[in-house]
Ligand code: GLN
């Protein structure tokens, strides 16, 4: 069966949670027994977000097949448990790149190459390809940006044409807008939504459903008004209000029967959505009482989206153990790294995420040493593992000049070095060691116990690696290599056995953690955080008693 298409556009403002709404709908459709794929159309000219600063873009999400993509794909995977791929995120840059290459090859046979039909055909071809290859029942296509943006026009034109290609009855247009609340007037305003729908109509798209992002609940009157002015059914005006936990979004949409409306519109017959496991998850998260503090030490701590998947994966680990986490965001860019001792003393666990460049590095090295010396559960991811080794080499292995070549090209002891395969690489975009690679675990390690298996696959995004020349020195001083990529003999995971939990990995486990299926290393880390903190409390409690 050819797939049905749900197109999700956005109006009035960005950052309304369009990706989460699309992913939440994906959850519900899957819960009705349908197979679902999601894709994101990004109107910017970069080929992918790989070269963008986290200030511009937030996290770069990596797929199994090694694409550097928009962070919304992280939501898609977490909500639908379906892996995405390089086909799931297309950008203006990719579309133009491919059209121009075809033109150079003479593929357009003398035609003048134009936005319509050549660019729009290229966009549609990629949408259809994903539908075909995933063999999904429903393909949800999210258009990035906001209706009215100059750069999203070709994407909107392309999706406008699709009902003509695949049949109107197989397509559904959903528009997500903001209903701003004016405190002075004490009401929600529907006018911006009316305008944004009008703009969509000018392009030739009549949305059939509208999801309104609101801080306060809509009145029946407002719902009627939106239906009337935007020419949609009253039952097709949905509400996306604030939730405490993002995993409540599917439940919130289900309460309004969004999924039922979508399948009915698309002429599909399914059973009702089975959402009990999501209910249980949300109850577990909300019901957690015991709170622990985890310090995330990075240089983009003020950005909500820079470590998106890390924060989500931590929350999955916490949900698994039925505990609550307070995330202490610790800025590693300080003039005096030792000044971090104060904030680090107040946390029950320390996580150092991935990163690039030397800014803030010495703060991270200090944090890695602090965790090791004070028995604080530690999780170093990619750059976080690399700095953990620099710290260990300097402080324990008698190599005071140890460093990564990324930060000092002439380091006397380059314990982290550029991978051989990277030495001739000049382009920055798409050239790292990217995507999923196998890793063999060492039996008897904490990590192997956490995974419960001996061979794993994990996603990568880096250029540097542990320098094998120092492996022996590290091992002699108490570090264990718990995982390797055997084919190229690369260190993938390290741990310290005589520490409650000191684990570093070269890959990014946060990308494959799911709320209903937390990643073993995040489960293990949070488990150790809780256990160590409880033991500390008991010990200090006992001391207090014995002092009496
Ligand atoms: N900058 C380091 C490298 O390229 C780490 C990368 C990362 O943390 N993703 O190896």
Problem - Close pairs from the stretch 341-361: first closer than 24 Å to residue 428 by Cα, partner more than 16 Å from the ligand (Cβ to nearest atom) and not in a loop (DSSP other than H, G, I, E, B), Cβ under 8 Å, at least 6 apart - result: 360/331
Practice task
Exactly one condition in (1) modelled with pLDDT under 95; (2) closer than 25 Å to residue 197 by Cβ; (3) touching a helix residue (DSSP H, G or I) at 6+ places or on another chain (Cβ under 7 Å) is not met by residue 120; state its number.
Solution key: (1)
Fill in the blank from the handout: Flagged in the stretch 220-255 as over 17 Å from residue 19 (Cβ atoms) and out of contact with any helix residue (DSSP H, G or I) (no Cβ under 9 Å at 6 or more places or on another chain), in numbering order, are 221, 222, 255
Fill in the blank from the handout: Subset of the stretch 174-190, residues over 15 Å from residue 223 (Cβ atoms) and surrounded by fewer than 21 Cβ atoms within 10 Å (Cβ to Cβ), comes to 180, 181, 182, 183, 184, 185, 186
Completion exercise
Turns out the strands (runs of 3 or more DSSP E) fully within the stretch 1-108 with at least 3 residues that are modelled with pLDDT of 95 or more and over 20 Å from the mean Cα position of the chain (by Cα) are 4-10
Problem - Hits in the stretch 452-510 - residues which are in a loop (DSSP other than H, G, I, E, B), more than 16 Å from the ligand (Cβ to nearest atom) and closer than 24 Å to residue 317 by Cβ - result: 452, 453, 454, 479, 496, 497, 498, 499, 500, 501
Completion exercise
Inside the stretch 241-260, the number of residues satisfying the requirement of being modelled with pLDDT under 95 and in contact with a strand residue (DSSP E or B) (Cβ under 6 Å, 6 or more places away or on another chain) is 1
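Just checking: which of the helices (runs of 4 or more DSSP H) contained wholly in the stretch 328-428 hold 3 or more residues that are within 13 Å of the ligand (Cβ to nearest atom) and crowded, with 19+ Cβ neighbours inside 10 Å?
The helices (runs of 4 or more DSSP H) meeting that bar are 383-395.
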Exercise for the section: May I ask you to verify whether residue 156 is assigned to a strand (DSSP E or B) and either crowded, with 18+ Cβ neighbours inside 10 Å or more than 23 Å from the chain's Cα centre (by Cα) (or both)? Expected result: no
Practice task
Identify all residues within the stretch 429-441 that are assigned to a strand (DSSP E or B) and touching a residue at least 60 places away in the same chain (Cβ under 8 Å); write none if there are none.
Solution key: 434, 435, 436, 437, 439
Exercise for the section: Quick one: which residue in 117, 180 is closer than 20 Å to residue 236 by Cα and either touching a residue at least 12 places away in the same chain (Cβ under 8 Å) or over 29 Å from the mean Cα position of the chain (by Cα) (or both)? Expected result: 180
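The values are calculated or read from the model by the stated rules, or taken from the named source; none is laboratory data. Owing to the predicted nature of the structure, the values given are computational and were not obtained by experimental measurement. Because the Cβ atoms are built from the backbone with ideal geometry, glycine has one as well, and the counts that use them run over all protein chains shown.
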